[in-house]
Amino acid sequence: MNNDLDDIIIDTEHTFMCNLLLKLNINHDNFKMIKSKNKYCCLDFLLVNEYNLKNLFVEHKFKSIYGEKYDTFFIGYDKLNKIEAYYSNSNTLLVWECKDDIYFTIYNSDFLKNNTKIVNGGKTYEINKNICGRGWDKLIECILHHLLM
């Protein structure tokens, strides 16, 4: 038996997808998520309501922080600019999954006007937490608002 820690992979995106679909499909059985197969894609998922074909793109960030302790979240400068370039006409959901809760917002082109900061050697945009929703129930409500109406 190999006990090499490098062989243990925790796939936070897969776990997020399973949790989200489980919660969405409690009352609705028509949601599917497609994971991008390109590891360099600027978005992680396409969430589709198979009943009416409405969809949301989803970018998921797993953070080992307590989100309640911070006033801002960060998203990569290049990532946000690519979202603007390729997906600005689509609904895109940005999700930060933290130790204490899940935080989210719908992408807005005005985010490109936000302050930038260097975090861990990379340029990022700051997203003010006061525009974010918080919690699984609110996230499900947001998704249903966009995909059922």
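Limited to the stretch 60-72, what total is found for residues that are open to solvent by 60 Å² or more (accessible area, probe 1.4 Å), in contact (Cβ under 8 Å) with a residue 24 or more places away in the chain and either under 15 Å from Lys117 (Cβ atoms) or of a type in the set (D, E, K, R) (or both)? Matching residues across the stretch 60-72 total 4.
Note on the stretch 73-110: among residues that are in a helix (DSSP H, G or I), open to solvent by 50 Å² or more (accessible area, probe 1.4 Å) and aromatic (Phe, Trp, Tyr), the one that is farthest from Arg134 (Cα to Cα) is Tyr86.
For Lys39, the criteria (1) assigned to a loop (DSSP other than H, G, I, E, B); (2) in contact with a strand residue (DSSP E or B) (Cβ under 9 Å, 6 or more places away or on another chain); (3) free of Cβ contacts under 8 Å to residues at least 60 places away in the same chain; (4) not aromatic (Phe, Trp, Tyr) hold in every case but one, which is (2). Evaluation of Tyr86 against the conditions (1) touching a Cys at 6+ places or on another chain (Cβ under 9 Å); (2) modelled with pLDDT of 95 or more; (3) farther than 17 Å from Thr12 by Cβ shows that the sole unmet condition is (2).
In the list Lys113, Lys138, Lys117, which residue meets the criterion of being in contact with a Ser or Thr (Cβ under 8 Å, 6 or more places away or on another chain), of a type in the set (Lys, Arg) and surrounded by fewer than 16 Cβ atoms within 10 Å (Cβ to Cβ)? Spell out how you get there, then give the answer.
Details: Lys113 fails: in contact with a Ser or Thr (Cβ under 8 Å, 6 or more places away or on another chain); Lys138 fails: in contact with a Ser or Thr (Cβ under 8 Å, 6 or more places away or on another chain).
The unique qualifying residue is Lys117.
Comparison of Tyr103, Tyr70 shows that the only residue that is of a type in the set (Ser, Thr, Tyr) and touching a Gly at 6+ places or on another chain (Cβ under 9 Å) is Tyr103. For the stretch 92-137, residues that are without any contact (Cβ under 8 Å) to a residue 12 or more places away in the chain, closer than 30 Å to Asn30 by Cβ and either of a type in the set (Lys, Arg) or touching a helix residue (DSSP H, G or I) at 6+ places or on another chain (Cβ under 6 Å) (or both) total 0.
The values are calculated or read from the model by the stated rules, or taken from the named source; none is laboratory data. Because the structure is a prediction, the values reported are computed rather than measured. Positions of Cβ are backbone-derived with ideal geometry, glycine not excepted, and every protein chain shown enters the neighbour counts. Just the protein is used for accessible areas: all its heavy atoms, side chains included, with ligands, DNA and RNA removed. Shrake-Rupley method; radii C 1.70, N 1.55, O 1.52, S 1.80 Å.
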